[in-house]
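Peer 1: A single structure is presented below for examination.
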Amino acid sequence: MSDLLSIGASGVRAYQTALSTVSENIANSATAGYVRRSTTLNEISGNRSGLTSTAVVTGSGVTVTGVTRSADALKSAAVRSAGADLAKTETGATWLTRIQSAMTGDNLSDRLTGFYTAATTLAGDPSSTTNRAAMLEAAASAAGAFTATGRAVDQIGADLDTTADQATTQLSSLASGLAAVNQGLSRTAGGTSAAANLADQRDSILEQMSALSDVNVTTDALGRATVKMGGPNGATLVSGTDAGDVTYVRNADGAVSFAVHFGGATSAVEPTGGALAGVVDGAQKIKDAQTQLDAIATGFTTSVNTVQTSGSDLNGAPGTAMFATGSAPTEISLALTDPSKIAAASSGGGPRDGSNLDVLQAARTSSGVEVKLTSLVADNAASISQRGIVADAQSSIRDNAVASRDAASQVDLNTEAVDLLRFQQAYSAASRVVQVARDTFQSILDIR
């Protein structure tokens, strides 16, 4: 009779655990990062020894052997890989868009064209003070546009540094969080709801880390993750309960470098995925844009000043430089404040001579500043468009990877409803067995 009672009691305990697991699944069906759990039940068996043999006895009840997660490590790795690729492309596109805004936001191209147009107008009436004032105003406008554009590009570089510092700080914080989860897994019995919760936290952290950098992940028998940054041959960032720090540096040439500081050692890393890889790409694009803009600014001021100093102003005096530059080629200011100082005439020419401005138009063509600026903007726009196409494809790949992972790990309320009903019935049946055993035992005790 005691066997019947223990069989029923084991069923009550086991199905109560199973019901708790189903309830947890239902309650967390909309929780991001939650992986469906299931209760593993096994029959209790034992051995019965006789005089000459030992027999295996079954039907002694049921026991819970563990709570398991419906997780697929390969599918999770595919999500991380796809997410790292997408984050790299999107981050790179963000900086290209910033460059485009800087190059077009101050209408530099229009102001350059306006300057040369004002010079053409003055050439038709070199003695006109109105036309001279208009050309000087157009020159000031072009100089201001160069200065504003150059500073805008510089600001992009500063913003990139801030973004990279924040990303490395976040990555270091995630590494510390993962080390704490690893410690929790070391102290938690496997096959429990607590261990499953920690595994959910681990996978969530790993996915966040992969959005910042490509990471290589391995797990041990307890589920503790070891993470290397920059691929399988990269630097160790997390191992067991130890975590490293990630730092960022951008030198004067615009080159970006990252390093992992772990266990007293420093290792250089080159991210090939995630937002940090996009930062590397963005830093190079910013430097290239800055170099080209500096060259265009230098070509503009040099060609205009050369023409200006080779001619004569309205009073017949030798022309002087129209523009002055500061610490950077794009830091352009107007050196002339008197419209009469514009050297419209060739050297020795009179006040009605505008031939030096014809030379300026020739220099306009030979320097190609407008063409180069247009090409810079157009090439950058083409890069943005190309990144958009790549990002769309990578987004689809990531969405498919997420869908595949979730199909295996996400909670299906219909399935949970069936399991809930099944375990409720099993619990009721086990409770009935306990009741029958108790009633039977009481009947035996009541026999007189």
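Peer 1: Do you know which of the residues in the range 210-227 that are outside any loop (DSSP other than H, G, I, E, B) and without any contact (Cβ under 8 Å) to a residue 40 or more places away in the chain is most open to solvent (accessible area, probe 1.4 Å)?
Peer 2: Applying the first criterion (outside any loop (DSSP other than H, G, I, E, B)) to the range 210-227 yields 210-212, 215-219, 225-227.
Next cut, without any contact (Cβ under 8 Å) to a residue 40 or more places away in the chain only: 216, 218, 226.
On the way: Asn216: 48, Thr218: 75, Thr226: 43 Å².
Applying the filter and picking the extreme gives Thr218.
Peer 1: Residue check: is Asp253 in a loop (DSSP other than H, G, I, E, B), open to solvent by 50 Å² or more (accessible area, probe 1.4 Å), farther than 19 Å from Ala123 by Cβ and not basic (Lys, Arg)? Break it down into steps so the answer makes sense when it comes.
Peer 2: Working: in a loop (DSSP other than H, G, I, E, B): yes; open to solvent by 50 Å² or more (accessible area, probe 1.4 Å): yes; farther than 19 Å from Ala123 by Cβ: yes; not basic (Lys, Arg): yes.
Taking the combined requirement at face value, the residue satisfies it.
Peer 1: Report whether or not Thr94 is farther than 30 Å from Gly350 by Cα, part of a helix (DSSP H, G or I) and of a type in the set (Ser, Thr, Tyr). Give the steps one after another, and end with the answer.
Peer 2: Values: farther than 30 Å from Gly350 by Cα: yes; part of a helix (DSSP H, G or I): yes; of a type in the set (Ser, Thr, Tyr): yes.
Yes.
Peer 1: Within the range 325-351, work out how many residues are under 38 Å from the mean Cα position of the chain (by Cα) and within 11 Å of Ala140 (Cβ to Cβ).
Peer 2: Of the residues in that region, 1 qualify.
Peer 1: Would you check which residues across the range 365-385 are more than 36 Å from the chain's Cα centre (by Cα) and open to solvent by less than 60 Å² (accessible area, probe 1.4 Å) and list them? Walk me through it before giving the result.
Peer 2: Here is the first cut: in the range 365-385, the ones more than 36 Å from the chain's Cα centre (by Cα) are 365-368.
Across the range 365-385, the qualifying residues are Ser367, Gly368.
Peer 1: Taking the criterion of being under 21 Å from Val79 (Cβ atoms), assigned to a helix (DSSP H, G or I) and acidic (Asp, Glu), would at least one residue in the range 182-205 satisfy it?
Peer 2: Yes, the conditions are met somewhere in the range 182-205.
Peer 1: Looking at Ile156 and the list (1) within 30 Å of Ala73 (Cβ to Cβ); (2) at pLDDT 95 or above; (3) in contact with a Lys or Arg (Cβ under 9 Å, 6 or more places away or on another chain), which single condition is not satisfied?
Peer 2: Here Ile156 meets the rest and fails (1).
Peer 1: Something else about it: List every residue pair whose Cβ atoms sit under 7 Å apart, with the two residues 6 or more apart in sequence or on different chains, where the first one lies in the range 148-175 and is acidic (Asp, Glu) and the second, anywhere, is surrounded by 15 or more Cβ atoms within 10 Å (Cβ to Cβ).
Peer 2: From the range 148-175, the pairs are Asp161/Arg250; Asp165/Tyr248.
Peer 1: While we're looking at this one, here's another question. Only one of Ser109, Ser141 is in contact with a Leu (Cβ under 7 Å, 6 or more places away or on another chain) and surrounded by fewer than 21 Cβ atoms within 10 Å (Cβ to Cβ); which?
Peer 2: Just one listed residue meets the conditions, Ser109.
Peer 1: Related question: Could you look through the range 409-427, keep only residues that are in a helix (DSSP H, G or I) and open to solvent by less than 40 Å² (accessible area, probe 1.4 Å), and pick out the one that is farthest from Ala71 (Cα to Cα)?
Peer 2: Here is the first cut: in the range 409-427, the residues in a helix (DSSP H, G or I) are 409, 413-427.
Next, from what is left, pick out any that are open to solvent by less than 40 Å² (accessible area, probe 1.4 Å): 409, 416, 419, 423, 426.
Working: Ser409: 5, Glu416: 17, Asp419: 19, Phe423: 23, Ala426: 26 Å.
So, considering only residues that are in a helix (DSSP H, G or I) and open to solvent by less than 40 Å² (accessible area, probe 1.4 Å), the one farthest from Ala71 (Cα to Cα) is Ala426.
Peer 1: Of all residues in the range 196-209, how many are out of contact with any strand residue (DSSP E or B) (no Cβ under 8 Å at 6 or more places or on another chain) and either charged (D, E, K, R) or open to solvent by less than 20 Å² (accessible area, probe 1.4 Å) (or both)? I'd like the intermediate steps shown before the answer.
Peer 2: Our first condition is that a residue be out of contact with any strand residue (DSSP E or B) (no Cβ under 8 Å at 6 or more places or on another chain); within the range 196-209, this holds for 197-198, 201, 203-205, 207-208.
From the residues that got through so far, the ones that are either charged (D, E, K, R) or open to solvent by less than 20 Å² (accessible area, probe 1.4 Å) (or both) too are 203, 207.
Of the residues in that region, 2 qualify.
Peer 1: Still on this structure, please answer the following. Out of all the residues in the range 1-49, which are under 30 Å from Gln442 (Cα atoms), at pLDDT 85 or above, in contact with a strand residue (DSSP E or B) (Cβ under 7 Å, 6 or more places away or on another chain) and of a type in the set (A, V, I, L, M, F, W, C)?
Peer 2: Answer for the range 1-49, where residues must be under 30 Å from Gln442 (Cα atoms), at pLDDT 85 or above, in contact with a strand residue (DSSP E or B) (Cβ under 7 Å, 6 or more places away or on another chain) and of a type in the set (A, V, I, L, M, F, W, C): just Ala14.
Peer 1: Restricting the range 120-143 to residues that are in contact with a Lys or Arg (Cβ under 8 Å, 6 or more places away or on another chain) and in a helix (DSSP H, G or I), which is farthest from Pro329 (Cα to Cα)?
Peer 2: The initial filter retains those residues of the range 120-143 that are in contact with a Lys or Arg (Cβ under 8 Å, 6 or more places away or on another chain), namely 122, 126-127, 138, 141-142.
Add one more test, that the residue is in a helix (DSSP H, G or I), and what stays is 122, 138, 141-142.
Working: Leu122: 27, Ala138: 19, Ser141: 16, Ala142: 13 Å.
Among residues in the range 120-143 that are in contact with a Lys or Arg (Cβ under 8 Å, 6 or more places away or on another chain) and in a helix (DSSP H, G or I), the one farthest from Pro329 (Cα to Cα) is Leu122.
Peer 1: Wholly within the range 262-355, which strands (runs of 3 or more DSSP E) include no fewer than the required count, namely at least 1 residues that are of a type in the set (Phe, Trp, Tyr), open to solvent by less than 40 Å² (accessible area, probe 1.4 Å) and farther than 30 Å from Lys228 by Cα? Step through it out loud before you land on a result.
Peer 2: Values: elements: 265-269, 323-325, 332-334.
Answer list for the range 262-355: 323-325.
Peer 1: Another question, then. Is the range 158-174 home to any residue that is part of a helix (DSSP H, G or I), among the hydroxyl-bearing types (Ser, Thr, Tyr) and touching a helix residue (DSSP H, G or I) at 6+ places or on another chain (Cβ under 6 Å)? Let's see the steps before the verdict.
Peer 2: Here is the first cut: in the range 158-174, the ones part of a helix (DSSP H, G or I) are 158-174.
If we keep only those that are among the hydroxyl-bearing types (Ser, Thr, Tyr) as well, we get 162-163, 168-169, 172-173.
In the following step, the residues that additionally are touching a helix residue (DSSP H, G or I) at 6+ places or on another chain (Cβ under 6 Å) were identified as none.
No, the conditions are met nowhere in the range 158-174.
Peer 1: Take the range 228-249 and flag every residue that is open to solvent by 60 Å² or more (accessible area, probe 1.4 Å) and either of a type in the set (A, V, I, L, M, F, W, C) or assigned to a strand (DSSP E or B) (or both). Give the steps one after another, and end with the answer.
Peer 2: Going through the range 228-249, the residues open to solvent by 60 Å² or more (accessible area, probe 1.4 Å) turn out to be 228, 232-233, 241-242, 245, 249.
Correct list: Lys228, Asp242, Asp245, Val249.
Peer 1: Answer yes or no: is there a residue in the range 79-90 that is open to solvent by 30 Å² or more (accessible area, probe 1.4 Å) and at positive phi. Step through it out loud before you land on a result.
Peer 2: Step one: of the range 79-90, the residues open to solvent by 30 Å² or more (accessible area, probe 1.4 Å) are 80-81, 85, 88, 90.
From what is left, the residues that are at positive phi are none.
The answer is no; no qualifying residue exists.
The values are calculated or read from the model by the stated rules, or taken from the named source; none is laboratory data. Quantities reported herein were computed from a predicted structural model and do not represent experimental measurements. Using ideal geometry, Cβ is built from the backbone for each residue, glycine included, and neighbour counts are taken over all protein chains shown. Keep in mind that these areas ignore ligands, DNA and RNA; they rest on the heavy atoms of the full protein, side chains included. Shrake-Rupley method; radii C 1.70, N 1.55, O 1.52, S 1.80 Å.
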